[in-house]
Amino acid sequence: MTLIIAGYEHSKSFDYTAYSDDEDATYTPEMESEGLFVVADSAITNPATGRTILNGFRKTHNIEVKLWKPSFLPDGSFSGYRDVYETNHTFVSFAGSTLTAQHIINSITTHLNSLRISFKWHEIDRSIVYTAIRHCQPNPLYTPNQVSQWDDDTFLNRDFEGLLTGELIAETIEYSMNDALKSASKYKLDLEEFRAMHTEIVAGVWCPVRRRHELYLYRMECQPGDDGVLVPFTTKALVPTNKVAVLGMKQEFESEAQQAFSDALSSFISPANTMLDFLRTSIRSVEDKGQKGIAFPMSISTLDRYRIKKRTYQE
């Protein structure tokens, strides 16, 4: 089993009334979102027995996002992608099958490392609309529809501003998961086999366009295919700033984790530190009961805009 808890870090709003000339000004404190956090245990368990078979396993990964810009020869002809225009970072944490998760993380890494700037024609005036696409999507730069040489005033850096959004990153992660799971549709999965490969993830990113941190939860679902065989797919949801996402031992700890998070906000204290303490207490309570579903070491990763920091605790 696994216990992963992710949410939005908050801090108490600044009291500007102390510097105001208005003697009647009043200060009403609020908790303002200022980043993201994810806490995770490190146990790998035997699905059949629930017993821990190893610990120290890394369940949170830092993945770099790269948006590549097109290059052109002196005559204006497209010559491929050689330079990175913009970068970002996202953390991805998983619960479930380690083999499935590794396959998914490899797919996410490949796609997020290889985003590309391209274009499409405006439907009305046929002007150039610059776009960001996955490397595996059809790219009109390779089939330019009678445009083989581009003018010097096209594909400038200023044209690319605002293309790398949090939503683009989130949608690329969703596509990557579904792409990784696509191979499973070739096999006739029964419900037990689906449960064995079941994996869910949470991903955090800073969106420079909307100027906000975004936390996305991805759940693996299944539906009958045309032949009645179970086909896995992914659902994506943006986590609200006043909620936490709980993966793994959700049934056992989600309600308590949400209450602890809400209490931290009401008390104007750091939710990240609160949830780290909650995870520590949860691991100890499981151990005290003689169970082995989650275990130390545990880790916390925080994201503040483009920076991700990780700390590990032995207990």
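The values are calculated or read from the model by the stated rules, or taken from the named source; none is laboratory data. Computed from a predicted model, the values in this text were never measured in an experiment. Every residue, glycine as well, gets a Cβ built from its backbone with ideal geometry; the counts of neighbours run over all protein chains shown.
How many of the residues in region 162-207 are over 23 Å from His135 (Cα atoms), surrounded by fewer than 22 Cβ atoms within 10 Å (Cβ to Cβ), touching a strand residue (DSSP E or B) at 6+ places or on another chain (Cβ under 8 Å) and modelled with pLDDT of 85 or more?
2
Residues in region 192-199: is at least one touching a Ser or Thr at 6+ places or on another chain (Cβ under 8 Å), in contact (Cβ under 8 Å) with a residue 40 or more places away in the chain, among the aliphatic types (A, V, I, L, M) and over 14 Å from Ile108 (Cα atoms)?
Initially, region 192-199 is screened for residues touching a Ser or Thr at 6+ places or on another chain (Cβ under 8 Å), giving 196-199.
Subsequent filtering for residues that are in contact (Cβ under 8 Å) with a residue 40 or more places away in the chain retains 196-199.
Checking the rest, the ones that are also among the aliphatic types (A, V, I, L, M) come to 196-197.
Cutting the leftovers down to over 14 Å from Ile108 (Cα atoms) gives us 196-197.
Scanning region 192-199 turns up at least one residue that is touching a Ser or Thr at 6+ places or on another chain (Cβ under 8 Å), in contact (Cβ under 8 Å) with a residue 40 or more places away in the chain, among the aliphatic types (A, V, I, L, M) and over 14 Å from Ile108 (Cα atoms).
Is region 271-293 home to any residue that is crowded, with 18+ Cβ neighbours inside 10 Å, touching an Asp or Glu at 6+ places or on another chain (Cβ under 7 Å) and more than 22 Å from Phe57 (Cα to Cα)?
yes
Every residue, every condition in (1) surrounded by 14 or more Cβ atoms within 10 Å (Cβ to Cβ); (2) part of a helix (DSSP H, G or I); (3) of a type in the set (D, E, K, R), yes or no:
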site	(1), (2), (3)
Glu64	no, no, yes
Ser71	no, no, no
Phe91	yes, no, no
Ile105	yes, yes, no
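Look through region 146-161, keep the residues that are touching a residue at least 40 places away in the same chain (Cβ under 8 Å) and exposed (fewer than 14 other Cβ atoms within 10 Å of the Cβ), and return whichever of them is farthest from Ser77 (Cα to Cα).
Across region 146-161, the extreme among qualifying residues is Asn157.
Here's a check for you: in region 38-62, which residue that is charged (D, E, K, R) and surrounded by fewer than 20 Cβ atoms within 10 Å (Cβ to Cβ) is farthest from Gly290 (Cα to Cα)? Quick ask: steps written out before the conclusion?
Of the residues in region 38-62, the ones charged (D, E, K, R) are 41, 51, 58-59.
Of the ones still in play, those that are also surrounded by fewer than 20 Cβ atoms within 10 Å (Cβ to Cβ) are 51, 58.
Working: Arg51: 10, Arg58: 23 Å.
That would be Arg58.
Could you tell me how many of the residues in region 122-144 are more than 28 Å from Met177 (Cβ to Cβ), touching a residue at least 24 places away in the same chain (Cβ under 8 Å) and of a type outside the set (Val, Ile, Thr)?
Here the count works out to 1.
Output the residue which, of all residues in region 208-222 that are touching a strand residue (DSSP E or B) at 6+ places or on another chain (Cβ under 6 Å) and of a type outside the set (Asp, Glu), is farthest from Thr100 (Cα to Cα).
His213
Return the only residue of Leu279, Leu247, Leu265 being assigned to a strand (DSSP E or B), closer than 17 Å to Tyr8 by Cα and modelled with pLDDT of 95 or more. Write out each step before concluding.
On the way: Leu279 fails: assigned to a strand (DSSP E or B); Leu265 fails: assigned to a strand (DSSP E or B).
On inspection, the qualifying residue turns out to be Leu247.
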